[in-house]
Amino acid sequence: MSLEEYKGVAIFAQQVDNKLSSIAFELIGKAHELAEKLGTDVTAVVLGHDISALADKLGEYGADKVVLIDNKELETYRTEPYAQALTAYINEYKPEIMLVGATAIGRDLGPTVSARVQTGLTADCTSLEIGDFPLQAREGQEQKHNQLLMTRPAFGGNTIATIACPDNRPQMATVRPGVMQKLEKQPGRKAEVINFNPELTVNNRFVEILNIVKNVSTTADIMDAKILVSGGRGVGSAENFKMLEDLAEVLGGTVSCSRAVVDSGWKPKDLQVGQTGKTVRPNVYFAIGISGAIQHTAGMEESDIIIAINKDETAPIFDVADYGIVGDLNKIVPALTEAIKAELAAQN
Amino acid sequence: MNIVVCIKQVPDTKGGVKFNPDGTLDRASMLAIMNPDDKAGLEAALRIKDETGAKVTVLTMGLPKADDMLREALAMGADEAVLVTDRRLGGADTWATSSTVAAAVKKLDYDLIITGRQAIDGDTAQVGPQIAEHLALPVISYAEDIKVEGNSVIVKRQYEDRYHEVKAQMPCLITALSELNEPRYMTPGGIFDAYDKEVTVWGRDDLTDLDDANIGLAGSPTKIAKASDKVRKGAGEKVALDPKESVEYIVGKLKEKHVI
Amino acid sequence: MDFTLDKKHEMARQLFREFALNEVKPMAQEIDETEQFPRENVEKMMKYGFMGIPIPKEYGGQGCDILTYIMCVEELSKVCGTTGVIVSAHTSLCCDPILTYGTEEQKQKFLVPLASGKKLGAFALTEPGAGTDAQGAQCRAEEDGDSWVLNGSKCFITNGKEADIYIIFAVTDIVEDARGRKSKKFSAFIVEKDTPGFTFGTKEKKMGIRASSTYELIFQDCRIPKENILGPRGKGFGIAMHTLDGGRIGIAAQALGIGEGSIDATIDFVKERKQFGRPIAAFQNTAFQLADMKARMDAAKYLVYKAACTKDQYMEDHKTSYSIEAAEAKLFAAEAAMAVTTKAVQLHGGYGYTREYDVERMMRDAKITEIYEGTSEVQRLVISGAMLK
C-alpha cells in the first residue's frame, strides 16, 4: 500500500429513512477543519436508495464533493451491503481519512469496513486533530507529519488516549455524536455530485430484515436541547419528576435523567445522559438529585453551565458543577420554578 | 449445536472508580470482573443451551488471571473454557485482537458466536464485528433479543430510535447488549465443579492460522500517541443556603449568564 | 495451619455476597417492618442451590462442604439476619438430620426435594412447657396400626408456616430405671404440611428476625405413615442434640454475619456523619471502638470456621465430634454480635436508634442468637461439662 495514493477527507453521511442524521453535518464540520490543514477537500459519501435529493443539503453544510451510492439493497441499513459499498468507495477513491459517526450504525459498519480494508479504526472519538506521530521526535523512529490524531475517552470516561494510525490508510475513526460542531448553513452552496456504482454481490452474509419497529417516543431529543433539567435517584419517584418538568417548562427546556432513574423505570432510556446514554452539551444543565458518578458526568460535563442541587455536600457532582447548591430539592425546585416565572413576567 | 461465547476480563468501574492521590486511576484497587455485555452474551447462550441442549464454550484472550473469570463462566453453566494467553499477543488493538480471537475460534466447532457489544474498559465495540469479518460470517450487532429457529437466528437489533427484527443463517456472530437479559448467578456446586474442570490454554504457537504481522502491539495498525487519566474539570462555587436564598442565588446566576 | 480460603471458597463467598447485596439487602428493611416472609428471595435461593449447599449431589444438593454453607449464612446475615436463619434452619435442622439418620427411601422422598430447592424444611423440638429442659415435653406419638398418631404442640418454630417438611420430636415411650425414676423417650418424625390434624397456632410477634415466620404447630390426632419415623424409636433426644450441634454452627454464622454487617454499616456512617466540623471517623473514640469491634468479630470468625471445618471432618469420617467447637463458636459469636451491634448503634448516635438505619435492626436481630438453638447458658454447660468430666 502506498500511503501517498490516499488523499482527501471523507465522511460517511448517515441517512435513516432518507433523512440525513445530524452526525453527517457534524462530521462535515470537523472534516472541513482537517481538510484545510491538509490542503485537501471534503467528500460526503451517502449510501441508500433514492437519495439524490440529499446532495444539496450536504453541499450547503460544507461538503465539497458528494458521492452517491444508490442501490435498492442499501435502502435500509444492513451490515454486509453497506460494508461492501463503503469498501468499494474506499478502494476506488482512496481517501486518507474516513470518518464515520459512532452511532448504532457506524459502530457496526466502521469495524467491519476497517477490517475489510485492513486498516485501523479508533472508536468513539471526541477530538480529532492533525499533527505529528510520535508527538515528539524520537531517535531511531521516523516522525510522520500530517497524521490524524484521534482522541477518545476509555474506561468509562476516566482515561483519555490519543491514537494515530501511521502505517495504514485510510485513517479511520468513529466520532461521538453531539461533540463536533456543524458549520453554518450556506444556502445555495453546491457540492460536486458523483454517482458511484459499487457492484454489490449478494451472499450468505446478507441478513433478512423481517420487521422494523420504531420507538413511539413523544419526548424531544435531549441532544438538541439548549436547557436540560436532569434528575437522578435523589428525585425519589417518577411522580416527583413533575417538579422538574414544571421547571423545564418555564425555561423552555427538556427533562433528562441519570441511569439510576432509567433502571428504576421512572423515565425511558432515550432521556438518559451519560456513558451508556447520550452525550449532551446544552447551554444550561441542571443536575438535580444526581450524585454525579463519572459514568454520568462523562455525558454532560461539556455543558456550558452546570447547576447542581443535591442534599449530600460530598456528592461528586459538585466537582464538575459551576454552581452547586447543597439543599433539599423538594423545597428548592418548586420555589425556583415560581421565582423564574415571576422574573420572566416582570421582564415582559 | 455449538455456541462459542467470547468474553473479556475487565476492571470493575461500577459504583465509581478510585483515584490515586496524584489523580491517576487506581487500577490495582479495582476488582476484575467479567465484562457486563459479555456476561449477557453468555446468559443468552446458556438460555439457548437450556432449551436446545447446545454446547457452550467460553473463550477469552488475556492474562493468566483471566482463569478466574473462565471458572465463573463454567460455574454459571458453560461446558468448556479456553484461555488464549501469550506475551506476544499483548498490546493488541482491535484489529490484532480480533485476528487472534478469530484464529482461536477457527480451532473450535461453532454454529453461533456471541460476543458482548463492547467492553467497559475500552468501549470500542469493534472486536465483535471484526471477528465476524475475519471469519467471513454474517454479523448482527446490538442484540436485544436472540431466538434460534432451526438453522437461523432471529435477533432484535437495536438502533437509537427503533429496532430491526433480523434473520440470519448460522453460522453467524451476534454482539449482545447488557440489556439483553439478567445474567444468572453461579451455583455453589457449579463453582466446585468449575474448579475440578480443565481450562484449555493456548499460546501463540497453538494458533496456526494466524500471521505474525497481525498480532500484538506490532501487528496493531493503531498506535497510542498519548494516554492520560482524565483531568476532571475543577469545581465551581458551592453554597449551602436555606431554600429561599438558594432560589435567589440560582435566579441571580441565570440572569448574570443571560439565560433569563 | 493455613488460614486462607482456596479459590473455590473465595468464589463462593463472592457469589453469596453479590446475591446478598443485589437481592437480599434491598428487601431487608421492608420485610422487618412488614414481618412478611421473603418468599421471592427464598425461591431465588432455591433456584440457585443455596438450600442444599452441603448435601451430596445424589440427594439433590450442591455437593459442597459445611464451610461453604456457613459462608452463605454469614454473607446473607450481613445484610439480613432473617434470610440467614431461614437457610440455616432449613439446612442444618431439616436436611441434615434426614441425611444423617434417614433411610434411603426417606432421603429420596424428602431430602431430594428439600436439597434441590423444591421444598422448605423446619425443625420442631421446643414446646410451651419444654425449652432447655426437654423432659417437660408433652407432645406424644402413639403407634396405631400402620400409623403414628401425633398429639400436642410445638412453639417458636422457625420457617413455621412456610415450610413443607418438618422434623418433629415426640414422646413415644416412658421408661423406669432401677430406682423407679421415670423418664421420657423421644422419637423423631418427618411430617408433611397439609397432613390432616396438623395445623398452625399463633404467629409470634418478635423483637428481631421479624420476617422468619415463627409459628406454633398444633397436632390433633395427626396420623402419619409408620415409615416416617426418623432414626430408631426412642433415640430422638440424641438425634435432636446432634442436630442442634450442627444447627449451632449455622446460628454462630448468622451471629457472625450480623456483627460484621453492623461494622460495615458503621464504617459507611462514620465517614459521612460530621460533628464539630469533621467526620466522626476522625475521632479516636470512634476509631478505637471500631478496632475493638473488628477484632472481636474476627475472633468469632475463626471459631465459627473452625467449627465448620470440624464438622466437615465428621462428614467424611462420621466420627469426629464437633459439639464443643459448635458450642464455643455459638457462645462467642452470639455474644460478640450482641456487643458489637450495640456499639454500632452507639456510634450512630440518635440515628442508630431509628429504623432508618440498618444497625437498629441488626441489634434486635443479634439478640436471638444468644437464645435459640441453645441459650448461651446451655453452651456454657456443654463446654464446661466436657472440661470437668
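No value in this document is a laboratory result; all are computed from the given coordinates. These numbers come from a predicted model, not from an experiment. Cβ placement follows ideal geometry from the backbone for every residue including glycine, while neighbour counts extend to all protein chains displayed.
Tabulated values for the structure
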quantity	calculated
Taking only Cα atoms of chain B, radius of gyration then Dmax in Å	22.2, 72
Computed helical MRE - 222 nm, chain C, DSSP H runs ≥ 4 contributing -39500 (n - 2.57), nearest 500	-15500 deg cm²/dmol
In nm, spacing of pseudo-spin labels at C:ARG39 and B:GLU179 (7 Å Cα→C-beta vector)	3.3 nm
Highest to lowest packing among A:51-62, C:348-359, A:325-336, scored as the average C-beta count within 10 Å	A:325-336, A:51-62, C:348-359
Nearest 10 degrees, 0 to 90: helix A:241-251 Cα axis against chain A principal axis	70 degrees
Calculated from backbone phi, Karplus (6.51, -1.76, 1.60) coupling profile of region B:171-187 in Hz, x at Gly/Pro	x, 7, 10, 10, 9, 9, 8, 5, 5, 4, 6, 9, x, 6, 7, 5, 10
Cross-link table A:LYS242/C:LYS206; C:LYS107/C:LYS154; C:LYS47/C:LYS294; B:LYS147/C:LYS47, entries beyond 31 Å C-alpha to C-alpha	A:LYS242/C:LYS206; C:LYS47/C:LYS294
Beta bridges per DSSP with both ends in the protein assembly as shown, % antiparallel, nearest 5	50 percent
Burial ranking of peptide ranges B:103-109, C:14-20 (average Cβ count within 10 Å, highest at the top)	C:14-20, B:103-109
Candidate aspartates and glutamates - alpha carbon under 18 Å from C:LYS118, same-chain residues fewer than 8 apart omitted	C:GLU40, C:GLU43, C:GLU58, C:ASP96, C:GLU105, C:GLU162, C:ASP164, C:GLU192, C:ASP194
Sequence of C:SER77, B:SER141, C:SER147 once ranked by neighbouring C-beta atoms within 10 Å, starting from the fewest	C:SER147, B:SER141, C:SER77
Three semi-axes of the equivalent ellipsoid, chain C, Cα gyration tensor, whole Å, largest first	37, 21, 21
Taking N as its residue count, the alpha carbon Rg of the protein assembly as shown over 2.2 N^0.38 Å	1.10
Helix C:7-19 vs. chain C, principal-axis angle (Cα, 0 to 90°, nearest 10)	80 degrees
Mean projection area, nm², convex hull over Cα of region A:177-277	11.7 nm²
Pairwise centroid distance, computed over Cα atoms, of region C:226-259 with region C:360-389, Å	15 Å
Candidate lysines for bridging to C:LYS311, where Cα separation is under 20 Å - those fewer than 8 sequence places away on the same chain excluded	C:LYS8, C:LYS57, C:LYS301, C:LYS319, C:LYS330
GNM result for chain A, Cα springs below 10 Å: residue of A:MET150, A:MET243, A:MET172 fluctuating most strongly	A:MET243
DSSP beta bridge pairing in chain A, given as percent antiparallel to the nearest 5	25 percent
Averaged over A:100-108, number of beta-carbon atoms from partner chains that fall within 10 Å	5
Where labels lie 7 Å past Cα in the beta-carbon direction, separation of A:GLN186 and A:GLU36 in nm	1.1 nm
Where labels lie 7 Å past Cα in the beta-carbon direction, separation of A:GLU142 and B:GLU165 in nm	5.5 nm
Peptide A:120-131 - average C-beta neighbours from other chains (10 Å radius)	3
³J(HN,Hα), Karplus 6.51/-1.76/1.60, whole Hz, each residue of region B:97-102, x for Gly, Pro	4, 5, 4, 5, 4, 4
10 Å Cβ neighbours from other chains, averaged over peptide A:324-331	5
Region C:20-85 and region B:212-231: distance between their alpha carbon centers, rounded to Å	46 Å
Interchain or long-range residues, amide H under 5 Å from B:ALA176's placed H	B:THR115, B:GLY116, B:ARG117, B:ALA143
Packing-based exposure ordering (other Cβ within 10 Å, fewest first) of A:CYS165, C:CYS95, C:CYS309	C:CYS309, A:CYS165, C:CYS95
Degrees between helix B:243-256 axis and first principal axis of chain B (Cα, 0 to 90, nearest 10)	90 degrees
Alpha-carbon centroid distance for the pair region B:48-77 / region A:105-122, whole angstrom	28 Å
Calculated Rg and Dmax of region A:222-338 using C-alpha coordinates, Å	12.2, 34
Those aspartates and glutamates that a straight Cα-Cα span of less than 14 Å connects to A:LYS311, excepting residues fewer than 8 apart in one chain	A:ASP328, B:ASP242, C:GLU272
Residue exposure sequence - B:LYS8, C:LYS78, B:LYS226, C:LYS330 - by fewest surrounding Cβ within 10 Å	B:LYS226, B:LYS8, C:LYS78, C:LYS330
Estimated vicinal HN-Hα couplings, Hz - region A:164-178 in sequence order (Karplus 6.51, -1.76, 1.60; Gly, Pro = x)	10, 10, x, 10, 10, 9, x, 7, 10, 9, 9, 10, 5, x, x
